[in-house]
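The values are calculated or read from the model by the stated rules, or taken from the named source; none is laboratory data. Quick caveat, the model's predicted, so the values are computed rather than measured.
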Amino acid sequence: MNKIEWDDSLSVGIDEIDEQHKTLLKRLNDLSKAIGMNQGEMEIVKTLDFMSDYTDHHFSAEENHMAEVGYPGLGHQQEQHEEFKGLLKQLEQDFREDGATKELADSIDTFLANWLLKHIKEVDHKFGRFLQQQGS
């Protein structure tokens, strides 16, 4: 996988959420690197576990912020978050069944990374624009 670098196009204008997105992207890069370099199952398990726990934390924080300000796109955001969690669970299942394979690394690149980048640039940016319009 090509390393995903943070740039201003990914910023949603909310410091807490931007910092969480940076952490997610770093861990996604770490996971892909660990799989690509055959760094051992423990590193991959540790990173997959972190990704699962952290996405729960991040998505919850994001959704709570949206609920607090009455964001009308909250329902769609929750659906998107559930989709990502499902993709992550499928990758965890694939890893348990097949180990660290090239297919798993490709899936991380194709599904998780692309999904997350698209989600940030489209769905999360809408929330950032909503907050700006509200003067928050």
query: Taking the condition of a type in the set (K, R) and under 18 Å from D53 (Cα atoms), does K89 pass?
result: yes
query: If you take the residues of region 92-118 that are under 14 Å from the mean Cα position of the chain (by Cα) and modelled with pLDDT of 85 or more, which of them is farthest from L28 (Cα to Cα)?
result: K118
